[in-house]
Amino acid sequence: MWLRRVFYRWMFPAALVLPLWLLIGWGVFNAGGWAFLWVLFIAIPSVLIGQIVLTLLQRARPSARETQMASWWDVLGFGIWHALTIAVGCYPQAWFALLLVAAIIVAIGLFWLMLWQLFNEARGAGGSIRFTTVTGANPGEERPQRSAPESDVFIINEKPTSEN
């Protein structure tokens, strides 16, 4: 239980920490000039926006909001994606391409997992999500008359003026 609660609280800070790690990792592991351009213009915005979108999809689920905990699927998916993002930030020359492709595939899979969980919970609501329209009285039914002091609608009829 505590792990699921920690993952739930970690999601928004992760949107800042993971892109920052990609930038810090570039400096620590001396990745080179082209890697800096890739980090600055592609990796940081992608991870930042991706993490925020996935976090908002997670928090859109009623069960996550009520319990303030991530599901076990969330823990698994985000755990793998975050581990791969951290590994990409280490810029290992031999494994970089494989780790990057794996991180992208897991992020896309995580997006669909979040949508699947959200739709399953919405479908499982079984009609508790309803759209209603408010109409006047039912057809054929007399509307109750309100007395004058209770009325909050005033009707003012104009008298036509005669212009001769």
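Selection of first residues in region 93-115 that are in contact (Cβ under 8 Å) with a residue 24 or more places away in the chain and of second residues that are acidic (Asp, Glu), restricted to Cβ pairs under 9 Å at least 6 apart or on distinct chains, gives the following pairs, ordered by first then second residue: LEU110/ASP74; LEU113/ASP74; MET114/ASP74. Under the condition of being part of a loop (DSSP other than H, G, I, E, B) and in contact with a helix residue (DSSP H, G or I) (Cβ under 6 Å, 6 or more places away or on another chain), which residue from region 69-89 is surrounded by the most Cβ atoms within 10 Å (Cβ to Cβ)? For region 69-89, the residue satisfying everything is ALA70. Filtering region 7-30 to residues that are within 15 Å of the chain's Cα centre (by Cα) and within 16 Å of ALA43 (Cα to Cα) leaves ALA14, ALA15. Scanning region 11-29 for residues that are without any contact (Cβ under 8 Å) to a residue 12 or more places away in the chain and over 17 Å from ALA103 (Cα atoms) turns up PRO13, GLY27, VAL28. Of the candidates ALA31, ALA14, the single residue that is out of contact with any strand residue (DSSP E or B) (no Cβ under 7 Å at 6 or more places or on another chain), assigned to a helix (DSSP H, G or I) and of a type in the set (A, V, I, L, M) is ALA14.
Of the residues making up region 47-76, those that are under 22 Å from CYS90 (Cα atoms) and touching a residue at least 40 places away in the same chain (Cβ under 8 Å) are GLY50, GLN51.
Considering only region 44-65, I want to know if a residue exists there that is on the phi > 0 side of the Ramachandran plot and at pLDDT below 95. Within region 44-65, none of the residues are on the phi > 0 side of the Ramachandran plot and at pLDDT below 95.
The values are calculated or read from the model by the stated rules, or taken from the named source; none is laboratory data. As the structure is a computational prediction, the values presented were derived from the model and not from experiment. Note that we place each Cβ from the backbone using ideal geometry, even for glycine, and neighbour counts take in every protein chain shown.
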